[in-house]
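Before any comments, here is the structure.
The values are calculated or read from the model by the stated rules, or taken from the named source; none is laboratory data. Keep in mind it's a predicted model, so treat the numbers as computed, not measured. When we count neighbours, we look across all protein chains shown, and the Cβ atoms used for this are built from the backbone with ideal geometry, even at glycine.
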């Protein structure tokens, strides 16, 4: 079977003074297989821009399978 990554998205929950319960944001069209380093760097950038802390992140990848 041939595996082909169709899409990758990252959903993060940011906690700050205005959103103590968390603010969810989804980022689409990430690289096909982001490394842990890439995700951690992205979270650090988001924390700097938003002024909060990333509480949780969910990585979702859709893969197309074909018989070849």
- prompt: Can you name every residue in the range 46-68 that is surrounded by 10 or more Cβ atoms within 10 Å (Cβ to Cβ) and over 30 Å from residue 1 (Cα atoms)?
  reply: 46, 47, 50, 51, 52, 53, 54, 55, 56
message: Checking residue 15 against (1) in contact with a helix residue (DSSP H, G or I) (Cβ under 7 Å, 6 or more places away or on another chain); (2) modelled with pLDDT of 95 or more, only one condition comes out false. Which one?
response: (1)
- prompt: In the range 26-45, which residue that is modelled with pLDDT of 95 or more and touching a strand residue (DSSP E or B) at 6+ places or on another chain (Cβ under 6 Å) is farthest from residue 1 (Cα to Cα)?
  reply: 43
- request: Please verify whether the range 23-42 includes one or more residues that are farther than 15 Å from residue 63 by Cβ, surrounded by 15 or more Cβ atoms within 10 Å (Cβ to Cβ) and within 11 Å of the chain's Cα centre (by Cα).
  value: yes
